[in-house]
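Participant: Below is a structure I'd like to ask you about.
The values are calculated or read from the model by the stated rules, or taken from the named source; none is laboratory data. Remember, it's a predicted structure, so these values are computed and weren't measured experimentally. Positions of Cβ are backbone-derived with ideal geometry, glycine not excepted, and every protein chain shown enters the neighbour counts. Side chains included, ligands, DNA and RNA excluded: accessible areas come from the protein's heavy atoms. Shrake-Rupley method; radii C 1.70, N 1.55, O 1.52, S 1.80 Å.
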Amino acid sequence: MDISTYVLLSHEQALRRRLDIAANNMANSETAGFRREAPVFHEYVETMEGPPPREAPRDARATRFVQDYRATLDTRSGAFQPTGNPLDIMIDGPGWLAVQDAAGETAYTRAGFLKVSEAGELVTSGGMKVLDEGGQPIAVPPDALPTLAMAPDGTLSAQTGPLGRIGVTVFDDDGALSQRGDGLMAGSGGRPLGANETRIRSGGVEGSNVQPISETTELIDILRSYQSSMAISKAIDDLRRDAIGRLGRIG
């Protein structure tokens with residue numbers, strides 16, 4: 001393949017990446033706490049050794065490819081969706097709920113569907129233990145269930161007194177978080193928010209911040225870009241075929 005084909009291929013790989021992310025965003029437009037992703041691409045420049053041919057443009061020594069860099073998270077909050085469950089929460093601002101998965105690893109989520117497990121611990125709807133500000137599970141005695149209440153700073157209390165404060169973790173760069181594939185995020189280097197920095201709304205959860213119309217527009221744009229790329233590829237093939245035909249006639 002000549003260099004033009006490689007450049008075109010890098011462009012089509014970038015389109016595939018955009019398609020994967022847009023499709024995932026669209027699929028999670030109704031997922032509580034989901035934050036829209038956007039791909040980030042860099043320009044990779046390959047410099048040819050030696051001077052370019054005399055008839056070539058001045059910048060012909062540099063060939064530019066599209067390089068997939070990473071995906072970033074849209075940090076805008078989704079809308080508050082009332083559920084009527086006093087344990088359901090939404091983080092009103094930056095931060096992530098720290099949870100413990102079945103393997104004992106810490107993961108992060110903004111989906112605030114919470115409940116008390118049969119073992120007497122505060123867990124997510126998927127059974128992940130919700131961690132407090134010290135990274136420990138929050139125990140809920142059976143006699144405290146009827147009087148549970150959530151304070152704006154994340155303190156879970158009952159008539160008998162405070163039971164623990166939900167830990168909310170922030171990251172200097174949310175781009176350091178990565179999708180685990182199970183609805184949770186993985187990351188390191190987070191900092192727990194203090195009680196005066198934490199803002200919790202109870203009685204509902206945060207909806208997805210994905211805008212379906214915007215994602216549909218993105219998918220249409222990707223389709224048109226694919227069509228343009230295929231047209232360019234066909235034009236390159238036609239030029240190559242014509243050049244081979246001319247050389248054959250000369251021979």
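Participant: How about region 107-135: which of its residues are of a type in the set (S, T, N, Q), within 26 Å of the chain's Cα centre (by Cα) and in a loop (DSSP other than H, G, I, E, B)?
Facilitator: Ser125
Participant: Continuing with the same structure: Tell me which residues, restricted to region 147-173, are surrounded by fewer than 19 Cβ atoms within 10 Å (Cβ to Cβ), within 19 Å of Ala111 (Cα to Cα), out of contact with any Phe, Trp or Tyr (no Cβ under 8 Å at 6 or more places or on another chain) and not polar (S, T, N, Q).
Facilitator: Ala149, Ala151, Pro152, Asp153
Participant: Taking the condition of being more than 19 Å from Leu184 (Cα to Cα) and touching a residue at least 60 places away in the same chain (Cβ under 8 Å), how many residues in region 104-153 meet it?
Facilitator: Count: 3.
Participant: With Pro53, Pro82, Pro57 as the choices, which residue is surrounded by fewer than 15 Cβ atoms within 10 Å (Cβ to Cβ) and at pLDDT 95 or above?
Facilitator: Residue meeting the stated conditions: Pro82.
Participant: Can you tell me which residue is least open to solvent (accessible area, probe 1.4 Å) among those in region 94-106 that are part of a loop (DSSP other than H, G, I, E, B) and hydrophobic (A, V, I, L, M, F, W, C)?
Facilitator: Ala103
Participant: So for region 63-77 (the condition being at pLDDT 95 or above, surrounded by 16 or more Cβ atoms within 10 Å (Cβ to Cβ) and assigned to a loop (DSSP other than H, G, I, E, B)), does at least one residue qualify?
Facilitator: no
Participant: Now, a different point. Just to be sure, is Glu218 within 30 Å of Arg70 (Cα to Cα) and part of a loop (DSSP other than H, G, I, E, B)?
Facilitator: no
Participant: On the basis of being open to solvent by 60 Å² or more (accessible area, probe 1.4 Å) and not in a loop (DSSP other than H, G, I, E, B), does Asp182 make the cut?
Facilitator: It is false that Asp182 is open to solvent by 60 Å² or more (accessible area, probe 1.4 Å) and not in a loop (DSSP other than H, G, I, E, B).
Participant: So, one more: Go over the candidates Arg191, Arg249 one by one and state the one that is free of Cβ contacts under 8 Å to residues at least 24 places away in the same chain and over 27 Å from the mean Cα position of the chain (by Cα).
Facilitator: Checking each option against the conditions leaves just Arg249.
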